[in-house]
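**Student:** Quick one: the structure is below, and I'll ask about it shortly.
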Amino acid sequence: MDLDRTDASVGAGGGDVRVAVQTAARCSWSAASAAPWITIVSSASGTGPGDVRLSIASNGGGARTGVVTVSGATVTVSQAAAPAPAPPPPEARCVFDVTPPRASFGAEGGSARAAIRTTDGCGWTASSQAGWITIETGNSGKGSGEVRYRVDGNKQQSARSGVLILADTRLTIEQDAAAPAPPVCTIQVEGPEDAVDSDGGDVRLRVRAGPLCRWNVSSRVDWISLSSGPGGIGNDDVRLRVARNSGGARRGTVDVGDRSVSIDQKGAEEREERNVDIKGRIDDLRGSCPRVAFTVEHRAVQTTADTRYSDGSCSSLRNEMKVKVKGFAQGDAIIAVSIELDR
């Protein structure tokens, strides 16, 4: 019996080796490995010519040899040593990235945060170079982190800048100057001389003030609202809206700057001489609820959101329907206070 090889060389990564057995057809044979890292994966025995296939494991150490025996014949397997391990990488240098690199604040000051980006294990500290900038959290840390700081209000009429040192980076902080003191203002307000009618309406206040004097307007009662803006500067007019009064005479106050103006309104009883009662059929009905218009006995009638109804509602009104209207005259029309429907 002969073998086609007596030795084999394999790299450190391992691999397969084939050994051909040459013998007579009736001669039997068997194969065995003397090394644990050499495995017979096929044809450990046979009769007549055949192949023995070997699997060589990877080598994590030095060079080595092993022997496989096939019925007394030997094959020596040599395997190369594992490659030397790569040297460790050089120690990384800590690099810090601070965002934002600059920050701006108004004169009122405030709080903000800065982010520090770096690799794990890189230590850093934070410090303020200005007495008006205080670090609240994040005086030191390792790896990426965050610093919270507070900027005091600036009472000086000049801008200023300061620096935070975060790791090896400077964060520049700029702050606006305080606003100049407002001028001393004298405000005069002229209000209406007469009481507003109980039906309400628009009222104008005339404000006289210096060209740089700012003033605000507010009403102390809910039945007087602002038609113009909530304030102004220098000379200007204030427009008010007075709601309809269904009760007694009343007085409200409007504040303009440091001045107060009284607005008087007549009571509903002061318009009784204009109260109107009319009965008849509806004609020429138009508009949409709650505000519709029609005629009764050739008199124009207008409803409002405050109109009261008996035996029905605004949507119940129809042409030719009999109604009794109570209201008051306003111009050429009757403003309906109540409508009684005759169904």
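**Student:** For a test of the definition: using alpha carbon positions, the gyration tensor, and the 1.5 limit on a/c, classify the range 2-79 as rounded, prolate or oblate.
**Tutor:** Since a/c reaches 1.5 and a/b is larger than b/c, the shape of the range 2-79 is classed as prolate.
**Student:** What are the radius of gyration and Dmax of the range 178-259, computed over its Cα atoms and given in Å?
**Tutor:** Looking at the range 178-259, its Cα Rg and Dmax stand at 14.3, 51 Å.
**Student:** Another one. For the range 15-107, which trypsin sites (Lys or Arg not before Pro) pass both filters: DSSP loop (anything but H, G, I, E, B) and at most 15 other C-beta atoms within 10 Å?
**Tutor:** Of the trypsin sites (Lys or Arg not before Pro), the ones in loops of the range 15-107 whose Cβ has at most 15 other Cβ atoms within 10 Å are Arg26, Arg93.
**Student:** Considering lysine pairs in the chain that are 8 or more places apart or on different chains, how many have Cα atoms under 21 Å apart?
**Tutor:** Summing the qualifying lysine pairs gives 4.
**Student:** Could you pull the Cα extents of the range 97-175 along its three principal axes, largest to smallest, in whole Å?
**Tutor:** 44, 18, 16
**Student:** Under 20 °C and 1.002 mPa s, how fast does the range 189-237 diffuse according to Stokes-Einstein, given a Kirkwood radius computed over C-alpha pairs? Answer in µm²/s, whole number.
**Tutor:** Rounded to a whole number, D works out at 177 µm²/s.
**Student:** Hey, another quick one. How would Trp215, Trp124 line up from fewest to most surrounding beta-carbon atoms within 10 angstrom?
**Tutor:** In increasing order of surrounding Cβ atoms, one gets Trp215, Trp124.
**Student:** Starting from the Cα-Cα distance between Arg214 and Asp283, subtract it from 0.36 nm times their residue separation and give me the gain in nm to one decimal.
**Tutor:** Length difference between fully extended and current span is 19.4 nm.
**Student:** State whether the range 272-342 is rounded, prolate or oblate according to the following rule on the C-alpha gyration tensor (a ≥ b ≥ c being the square roots of its eigenvalues): a/c under 1.5 gives rounded; otherwise a/b larger than b/c gives prolate, and the remaining case gives oblate.
**Tutor:** Note, shape of the range 272-342 comes out rounded.
**Student:** For the range 224-240, what does the Karplus curve 6.51 cos²θ - 1.76 cosθ + 1.60, with θ = phi - 60°, yield as ³J(HN,Hα) per residue in whole Hz, taken in order and with x for Gly and Pro?
**Tutor:** Values, residue by residue: 10, 10, 8, 8, 9, x, x, x, x, 9, x, 6, 6, 10, 10, 10, 10 Hz.
**Student:** Related question: Output the relative contact order of the range 272-342, whole-number percent, from Cα pairs under 8 angstrom with separation of 6+ residues.
**Tutor:** 37 percent
**Student:** Oh, and also: Taking the Cβ of Gly50 as the centre, find all other residues whose Cβ is under 15 Å away and add up their charges (Lys, Arg: +1; Asp, Glu: -1).
**Tutor:** Spelling it out: positives minus negatives among the neighbours equals +1.
**Student:** Mind sorting out which of (i) 1.67; (ii) 1.60; (iii) 0.99 is the real Rg/Rh (Cα atoms, Kirkwood Rh) computed from the coordinates?
**Tutor:** (ii)
**Student:** If you don't mind, another one. Which cross-chain or sequence-distant (5 or more) residues have an amide H under 5 Å from the amide H of Gly200, H modelled 1.01 Å from N in plane?
**Tutor:** So Gly200 has HN proximity to Asn245.
**Student:** Among Met321, Met1, which comes first, then next, by fewest other beta-carbon atoms within 10 Å?
**Tutor:** Least to most surrounded, the residues fall as Met1, Met321.
**Student:** What percent do you get for the relative contact order of the chain when only Cα pairs under 8 Å and 6+ apart count?
**Tutor:** 9 percent
**Student:** How many nm separate the modelled label positions at Thr295 and Arg5, each set 7 Å beyond the Cα in the direction of the Cβ?
**Tutor:** Result: 12.3 nm between the two label points.
**Student:** A further question on this structure: Kindly put Leu240, Leu341 in sequence by how many other C-beta atoms sit within 10 Å of each C-beta, fewest to most.
**Tutor:** By the 10 Å Cβ count, ascending, the order reads Leu341, Leu240.
Bear in mind these aren't lab numbers, they're just calculated from the coordinates by the rules spelled out. Being a predicted model, the structure only gives us computed values, none of them experimental. FYI the Cβ positions are ideal-geometry reconstructions off the backbone, even for glycines, and counts take in every protein chain you see.
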